[in-house]
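The values are calculated or read from the model by the stated rules, or taken from the named source; none is laboratory data. Quick caveat, the model's predicted, so the values are computed rather than measured. Positions of Cβ are generated from backbone atoms using ideal geometry, with glycine treated the same way; all protein chains shown enter the neighbour counts. Only protein heavy atoms, including side chains, enter the accessible area calculation; ligands, DNA and RNA are left aside. Shrake-Rupley method; radii C 1.70, N 1.55, O 1.52, S 1.80 Å.
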Amino acid sequence: MEHYSALIGVVLEKMDQTYKDLKFNYNGLEGVLHSHSREEIENTPELITITMLKDMYEALIREIEAQLPGIKD
């Protein structure tokens, strides 16, 4: 089954890149939200959507970190 080693390596490398992309996007969305008041965020449809997207990114990041604890290194 050694022939699967290369496949596993590629998939883990892609997961690492996906994790970095998720973190980058999460941080960007969080930065947008920090430039607005809570009231603005709660009353602006676009900011509500950005909040939802940020929360989804956070959930994905947490799941990847739970499944691959060494990925944060």
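Summary of computed values
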item: Matching residues, region 48-67, being open to solvent by 90 Å² or more (accessible area, probe 1.4 Å) and touching a residue at least 40 places away in the same chain (Cβ under 8 Å); result: none
item: Matching residues, region 17-36, being in contact (Cβ under 8 Å) with a residue 12 or more places away in the chain, open to solvent by 50 Å² or more (accessible area, probe 1.4 Å) and closer than 25 Å to Pro69 by Cβ; result: Thr18, Lys23, Asn25, Glu30
item: Residue list for region 37-47, filter: within 24 Å of Ile61 (Cα to Cα) and open to solvent by less than 80 Å² (accessible area, probe 1.4 Å); result: Ile41, Leu47
item: From the options Lys23, Lys14, residue that is under 12 Å from the mean Cα position of the chain (by Cα) and among the basic types (Lys, Arg); result: Lys23
